[in-house]
Amino acid sequence: MINLEQKPSFSKWEIPFQLGITSIVFIFYTYRGNPGEEHVSVSLSESHFVFFLNYVAGAFVMSYYLFPKFLYKKKYWQFFLSVVTLIAVVIFLEEAVIEKIYFPEYRGRYFQGVFRSLIDVLPVMIILCGFKLAWDIITKERQVDELKASIKESELRFLKSQINPHFLFNNLNNLYSHALENSPKTPQIILEMSSILRYMLYECRNEYVSLKNEVLQLAHFVALYEMQIEGRGTVKFSKTNVESAELPIAPLILMVFVENAFKHSAINQMDNISIDISIALEGNQLYFECTNSYQKEEEENTDAKGIGLENVKQRLAYIYPNAHDLLLEQTEQYFRVVLKMELGEK
């Protein structure tokens, strides 16, 4: 339901729109003809113009004063009483002023009755006010859509911004430990980190990146985390039809699942770590699967886990609401992620 409690902003197109509608209604108002007649006429006398101008003035007051002051603020009784008063004023001006000026000999001598007066007044006012109300509803719908899009974009930026510190916290500790030991892997770790950080800081500003670039950075990511295992297990990373694919994909979607796999395997297991990652493209369907060995006995950092998996679930729901299937399967031995995404031009 559209909320018109606040007056919609005035558009530069509203004046031409209202003038056009008023002109069309005026043409029909001056239309003259009786049932069965072959010919009709259009009367453009001064009296017709003045009568019509009285109705337009009433419609203007209702549309631009009573609507925002009472109707849009849900003050329905005040609006009803104000409309009745306004219509009474319009009828009074017609009967007591305009008719006495232009038709003093017959129509100006007597009051033709409320019902007859309403037949003259209401059609024009209802049509003009109806178009104004429709305009406001359409305008408010557009504003609501823009607001929703802005909120969605802000939430996506916030979710994406959480990934960078999450990545840095995990890898700076690893880099520090290797630096203390003067490990020969330290330069390689710095190189892999710089490549990934460059990707996050610059290319990930866009809403979408090419699939081949995302997979390339994912390979850097796997290589970086694989050094943390240091011979305590095996890592498999298979790619099919993705290394040259230009299809757009939201950045850092897959990286979160891979990070989660390495993080929980490395923390919870001393040896026999097993991580199997596969990514394949068939047409515009992307298939991603990541399985990592898992030991549930160790205490988990639920806050850190929440940043990752809950983050990516929300992003998928926003960006691919009807174009993805996500399966998370957890046992006492392994944790598996299966994601199917429909990619396409955005």
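The values are calculated or read from the model by the stated rules, or taken from the named source; none is laboratory data. From a predicted model like this one, the values you see are computed outputs, not experimental measurements. Quick reminder, even Gly has a Cβ in these numbers, built from the backbone with ideal geometry, and neighbours come from all protein chains shown.
Tabulated results
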read-out	value
Residues satisfying the stated conditions in the stretch 49-94, i.e. more than 44 Å from the chain's Cα centre (by Cα), free of Cβ contacts under 8 Å to residues at least 24 places away in the same chain and more than 15 Å from L122 (Cα to Cα)	F49
Single unsatisfied condition, A266 versus (1) among the small types (G, A, S); (2) part of a helix (DSSP H, G or I); (3) surrounded by fewer than 18 Cβ atoms within 10 Å (Cβ to Cβ); (4) modelled with pLDDT under 80	(3)
Residue selected from the stretch 188-216 under the condition of a type in the set (S, T, N, Q) and under 29 Å from the mean Cα position of the chain (by Cα), by the criterion modelled with the lowest pLDDT	N206
Residues (charged (D, E, K, R), surrounded by 14 or more Cβ atoms within 10 Å (Cβ to Cβ) and under 21 Å from V209 (Cβ atoms)) located in the stretch 239-263	K239, E259
Test for G108: is it at pLDDT below 90, outside any helix (DSSP H, G or I) and either surrounded by 12 or more Cβ atoms within 10 Å (Cβ to Cβ) or not aliphatic (A, V, I, L, M) (or both)	no
Considering residues of the stretch 32-76 that are of a type in the set (V, I, T) and modelled with pLDDT under 85 only, the residue farthest from I137 (Cα to Cα)	V40
Pairs, first free of Cβ contacts under 8 Å to residues at least 60 places away in the same chain in the stretch 16-29, second surrounded by 13 or more Cβ atoms within 10 Å (Cβ to Cβ) and in a helix (DSSP H, G or I), C-beta under 6 Å, six or more apart	F26/F52
Selection within the stretch 219-246 - among the aliphatic types (A, V, I, L, M) and more than 15 Å from L286 (Cα to Cα)	A219, V222, A223, L224, M227, I229, V235
Subset of the stretch 184-206 [outside any helix (DSSP H, G or I) and touching a helix residue (DSSP H, G or I) at 6+ places or on another chain (Cβ under 8 Å)]	K185
Count - residues of the stretch 310-343 that are more than 26 Å from the chain's Cα centre (by Cα) and either surrounded by 14 or more Cβ atoms within 10 Å (Cβ to Cβ) or touching a residue at least 24 places away in the same chain (Cβ under 8 Å) (or both)	9
Search result, residues across the stretch 283-320 that are at pLDDT 85 or above, in a loop (DSSP other than H, G, I, E, B) and over 21 Å from N241 (Cα atoms)	Y320
Residue, nearest to S274 (Cα to Cα), within the stretch 220-238, restricted to residues that are modelled with pLDDT of 75 or more and surrounded by fewer than 15 Cβ atoms within 10 Å (Cβ to Cβ)	T234
